[in-house]
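The values are calculated or read from the model by the stated rules, or taken from the named source; none is laboratory data. These figures come from a predicted structure and were not determined experimentally. Cβ placement follows ideal geometry from the backbone for every residue including glycine, while neighbour counts extend to all protein chains displayed. Please note that ligands, DNA and RNA were not included when accessible areas were found on the heavy atoms of the full protein model with its side chains. Shrake-Rupley method; radii C 1.70, N 1.55, O 1.52, S 1.80 Å.
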Amino acid sequence: MSNIPIRPMEPEDWNAVSEIYLEGIATEHATFQTTCPPYTAWDAFHIKECRLVILDGGELAGWAALRRVSIYIGEKFRDRGLGSRLLTALCDESEKEGYWTLHSTVLQDNTASLGLHTKCGFRVVGRRERIARDCHGRWLDTYLMERRAKADE
């Protein structure tokens, strides 16, 4: 599994990145967003450093970027350990760029994301109750998760 390449995201990756983002939106467990913005809006909203993609068989399989923490894996690539590899690489990259703390907001029903973040060193530091309604009008809570950089000895 360690031979699956991770590289910086390029603007040319946007078509594949946006398709995967739309798959995440469709789950109704990944974000409160209901549409994918155009690249210019997405680009303006995310940190320029630490944008990564993971490739599987030469195909873009997932992406991660810092805003808070954004990580999405394409539907056909899920349950293969790619999310763990990609989030770990994003955490490592963020530390190289000098980020000390990462926060992630995870919807209450997204047990896969809660498990992934926990596996990668995040911990739940809070729960925001009834933060927003989903597309069906149901109130949802979110978990605030945090990961601190490794302390210098």
Quiz item: Taking the Cβ-Cβ separation of A151 and E10 as r and a Förster radius of 30 Å, what is the calculated FRET efficiency to the nearest 0.05?
Solution: 0.35
Self-check item: Label-point separation in nm, L144 to E19, each point 7 Å along Cα→Cβ
Solution: 3.7
Practice problem: Have a look at the chain and give its Rg and Dmax from the Cα atoms, expressed in angstrom. | Solution: 15.0, 49
Exercise. At q = 0.16, 0.18 Å⁻¹, what is the base-10 log of I(q)/I(0) for region 1-84 according to the Debye formula with one equal point scatterer per Cα and no solvent? Please give it to two decimals.
Key: -0.57, -0.73
Quiz prompt | Protein accessible area in the chain, 1.4 Å probe - carbon and sulfur % | solution = 49
Quiz item: Which Cα, out of F122, V53, A65, lies furthest along the positive dipole direction of the chain (beta carbon charges, K/R +1, D/E -1)?
Solution: F122
Exercise. Any lysines with Cα under 30 Å of the K96 Cα? List them, leaving off those in the same chain fewer than 8 positions away.
Key: K48, K119, K150
